[in-house]
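**Student:** Structure in C-alpha cells, see below.
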Amino acid sequence: MRSFWLYGALCVAIQGLWGCGANPVEEKKTEVQETAKAAQYDRLVVAFGDSLYAGYRLSPSEGLAPQLQAALEADGINARVHNAGVSGDTTAAGKTRLAFVLDNLDRKPDLVVLGLGGNDMLRGIKPEETRANMTAMMDELKRRDIPVVLTGMVAAPNLGQDYVYDFNDIFPKLAKEYDARLYPFFLEGVVTDAALMLPDNIHPNAKGVSRVVEGLSPLVEAALKEQR
C-alpha cells in the first residue's frame, strides 16, 4: 500500500489539490456525446464523483463513465452512463450540486454510482463532516427512490489513528444503513501498480480505469438487474 500513501501525500502537495483539477475540454466533449446518444438507451446510470470519476487527463472514451457503459453493453445491458464527475469536488460540493444534476437529466436515473470523500481526506476535513455530507446525499437519493452503488475511499495513516478509523468507517456504515452495494476502495489493485497510474501517481490511466471497472461493473449490473 506504499504507493497509495504516496498518492495521498502527492495530492496534498500539488498546488493545494489543484493537481486534481478539471479537464473541461474533455469533459465537455463527453457531455455532448452523451446528449447526442441519450435516446439510444433504456437504462440510465449516473456516475457522480470527483476527478476519479471525471476522467482526469483521459480521452472521452477512457474515463469511468464510458468504460463502465461499454462493460454493461458487453454484458447485454443497454445502459447509458452519464458522467457527473467534477474534478476537485469535496463531499460538501457534491451535496450542493446533487439535486441540480438529478433535476436536469432527461429522465430519472435507474442507479447512481456515488464516489466522493477522497478530497475531504486529502484536505484533512473532519470525518464527521464528510459523514454528514455523504448522509445528506444518500438521503436525497433515497427520497427520490434511486438505488445507489457506493465506491469507498480510505485514509492515509499519517493522518492519525483516530482520523483513519473514523474516516474508513464512513462508507461501510452508509452502505449498510441505506442497503447500498459497496465497492470498498475505488483504487483497489490500481494505485499500487505504476503501470495503471498516470505520471502524477494520483489518477488512474485508461488501463487503471479498466481495472476499476472490472471490479465495479458486477455490482452495477446486479443493482440494475434487481430492478427488473
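The values are calculated or read from the model by the stated rules, or taken from the named source; none is laboratory data. Bear in mind the structure is a predicted one, so any value in this text is a computation, not a measurement. Here Cβ is always computed from backbone atoms with ideal geometry, including for glycine, and neighbour counts include all displayed protein chains.
**Student:** Gly160 - would you say it is over 15 Å from the mean Cα position of the chain (by Cα) and closer than 27 Å to Arg57 by Cα?
**Tutor:** no
**Student:** Okay, moving on. Does the range 133-164 hold any residues that are touching a Lys or Arg at 6+ places or on another chain (Cβ under 9 Å) and on the phi < 0 side of the Ramachandran plot, and which are they?
**Tutor:** Listed by number, the residues that qualify are Asn133, Met134, Ala136, Met137, Glu140, Arg144, Ile146, Pro147, Val148, Val149, Leu150, Tyr163.
**Student:** Thr91 versus (1) touching a Leu at 6+ places or on another chain (Cβ under 7 Å); (2) over 29 Å from Leu196 (Cβ atoms); (3) polar (S, T, N, Q): which is the lone unmet condition?
**Tutor:** (2)
**Student:** Hey, can you tell me all the residues within the range 93-136 that are basic (Lys, Arg), more than 25 Å from Arg80 (Cβ to Cβ) and surrounded by fewer than 19 Cβ atoms within 10 Å (Cβ to Cβ)?
**Tutor:** Correct list: Arg123, Lys126.
**Student:** A further question follows. Going by what's in this entry, would Lys207 be described as under 29 Å from Ala99 (Cβ atoms) and not in a loop (DSSP other than H, G, I, E, B)?
**Tutor:** So Lys207 fails the test.
**Student:** Another question about this same structure. What number of residues within the range 56-79 satisfy the criterion of being assigned to a helix (DSSP H, G or I) and more than 21 Å from Asp103 (Cβ to Cβ)?
**Tutor:** 10
**Student:** What number of residues within the range 36-55 satisfy the criterion of being at pLDDT 95 or above and either of a type outside the set (A, V, I, L, M) or assigned to a helix (DSSP H, G or I) (or both)?
**Tutor:** 9
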